1. Stretch residue 20-residue 89 to full length: gain in nm at 0.36 nm per residue minus the Cα-Cα span?
2. If you take the beta carbon distance between residue 153 and residue 81 as r and set R0 to 25 Å, what does 1/(1 + (r/R0)^6) give as a FRET efficiency, to the nearest 0.05?
3. For region 87-165, what are the per-bin percents of Cα-Cα distances with bins 5 Å wide, up to the bin holding the maximum?
4. Based on the Cβ-Cβ distance of residue 50 and residue 169, what FRET efficiency does E = 1/(1 + (r/R0)^6) give at R0 = 41 Å, to the nearest 0.05?
5. To the nearest 20 Debye, how big is the dipole of the chain about its Cα centre, given +1 on the beta carbon of each Lys and Arg and -1 on that of each Asp and Glu?
6. Where does the chain land at 222 nm, in deg cm²/dmol rounded to the nearest 500, when only DSSP H runs of n ≥ 4 count, each adding -39500 (n - 2.57), divided by all residues?
7. Evaluate Rg over Rh across region 7-178, taking Cα atoms for both radii and Kirkwood's formula for Rh.
8. Taking the Cβ of residue 9 as the center, what net charge do the other residues with Cβ under 11 Å away carry, scoring Lys and Arg +1 and Asp and Glu -1?
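Taken together, the values in this text are just the output of simple stated rules run on the coordinates, not laboratory data. Given the structure is predicted, the values throughout are model-derived calculations rather than measurements. All Cβ positions, even for glycine, are placed from backbone atoms using ideal geometry, and neighbour counts span all protein chains on display.
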Amino acid sequence: MTRNATRTTRWGGDDVEVLERAWPSARDVVGYRKTYALRPGERWRDAPVTLDQYEHLVDDNGEVLPVGVIIARELVESGADWAYCVELWGSGIVLLDVDAVCAPIHGPVATLLDELRAANGGRLGGLPDVIGRSDHRIHFREAKLGRGRDALRPNQHAFMQAQRSRFGDLVDAAVVEWQVSEHSRGTTTEITDPAS
């Protein structure tokens, strides 16, 4: 993976790299796929759609995907054993793998989530958009919109402080800043509900 970071930001009291990415945003997206409704084995593209919510999506060579899936792919391509896009909704958590399929939470990822929760006072609030693991590193990536339109929240800082206290040098954290095209939010529906 080529890291083009030329700057840093504070996350949990420490400086982390800001990885700048010029991924194209999907055009004319209306609505939000209810990732939080997925069960293991179900594909993101088959999730029900609501028009009451919205998220910016990446156009990855014609495939529209959540930015966290693209970041997870990048981590795996750069040597992580595994990486997942994270969706926290209420008290539930859903993980999408690099193919945008809902992953079961068992084995090493379940163990890591239990450890992250314990380090953070029994909560996962503040968990970044992407988590991953390699031999001696725990990877955390938070996607943020470019041009200062999106900032780390207080619970994200608290979460990272807790993880650094617990895991120290194992933590590999970075903010992935990507640009959203002005045309990305439109009036036509590219994200459609398969039931309609």
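1. Extra length available between residue 20 and residue 89 comes to 22.2 nm.
2. On the way: r = 28 Å, r/R0 = 1.14.
Rounded to the nearest 0.05, the efficiency is 0.30.
3. Going from the shortest bin to the longest, the percentages are 3, 13, 24, 28, 18, 11, 3, 0.
4. Working: r = 41 Å, r/R0 = 1.01.
Using R0 = 41 Å, I get an efficiency of 0.50.
5. Working: 23 positive and 30 negative charges, 107 e Å.
It works out to roughly 520 debye.
6. Details: 3 runs with 38 residues, N = 196.
Rounded to the nearest 500, it is -6000 deg cm²/dmol.
7. Numbers: Rg = 15.3 Å, Rh = 16.4 Å.
Radius of gyration over Kirkwood radius for region 7-178 works out to 0.94.
8. Working: positive: 7, 10, 144; negative: 14, 15, 17, 142, 177.
Charge balance near residue 9 sits at -2.
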